[in-house]
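The values are calculated or read from the model by the stated rules, or taken from the named source; none is laboratory data. Predicted model only: the values in this text are computed from it and were never measured. Virtual Cβ from ideal backbone geometry, glycine too; neighbours counted across all protein chains shown. Keep in mind that these areas ignore ligands, DNA and RNA; they rest on the heavy atoms of the full protein, side chains included. Shrake-Rupley method; radii C 1.70, N 1.55, O 1.52, S 1.80 Å.
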Amino acid sequence: MDCRPGCGACCIAPSISSPIPGMPVINGISKPAGVRCIQLDSANRCQIFGHPERPAVCSSLQPTPAMCGQDSAQALHFLNQLERATQPDGHEAMTK
Ligand code: SF4
Ligand code: SF4
């Protein structure tokens, strides 16, 4: 499946450890879980799409029906659950 335009759920729910322009790395995390990536524009598009600064994990993340659901609310719900399940100590979920 293709990424749903305007969704942006996987740029909000997961934590990211790889450096992202404009987001300071604090305790090994550049984007905390649940925090909107600063590179996500108002239309929920990545502003650094295709740029070398975009974390490799963002480029490699593949949309799937299970993750993306029918809409962004379903995707956020799934990804929030995944974040909690993989980060019992509240730190890094997705190794980005
Ligand atoms: S959750 Fe799926 S549809 Fe939404 S932004 Fe991520 S890859 Fe795209
Ligand atoms: S860098 Fe782009 S693709 Fe990666 S989380 Fe931020 S907005 Fe999303």
Take the residues in the stretch 41-70 that are over 22 Å from residue 24 (Cβ atoms) and surrounded by 16 or more Cβ atoms within 10 Å (Cβ to Cβ), then tell me which one is nearest to ligand 1 (Cβ to nearest atom).
68
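Within the stretch 48-80, can you find the residues that are under 17 Å from residue 17 (Cβ atoms) and part of a loop (DSSP other than H, G, I, E, B)?
Within the stretch 48-80, the subset under 17 Å from residue 17 (Cβ atoms) is 48, 53-61, 79.
Matches in the stretch 48-80: 48, 53, 54, 55, 61.
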Residue check: is residue 73 in contact with a Gly (Cβ under 7 Å, 6 or more places away or on another chain) and open to solvent by 40 Å² or more (accessible area, probe 1.4 Å)?
no
Which residue pairs have Cβ atoms under 6 Å apart, sit 6 or more places apart or on different chains, and have a first residue in the stretch 19-37 that is polar (S, T, N, Q) and a second that is within 16 Å of ligand 1 (Cβ to nearest atom)?
30/16; 30/20
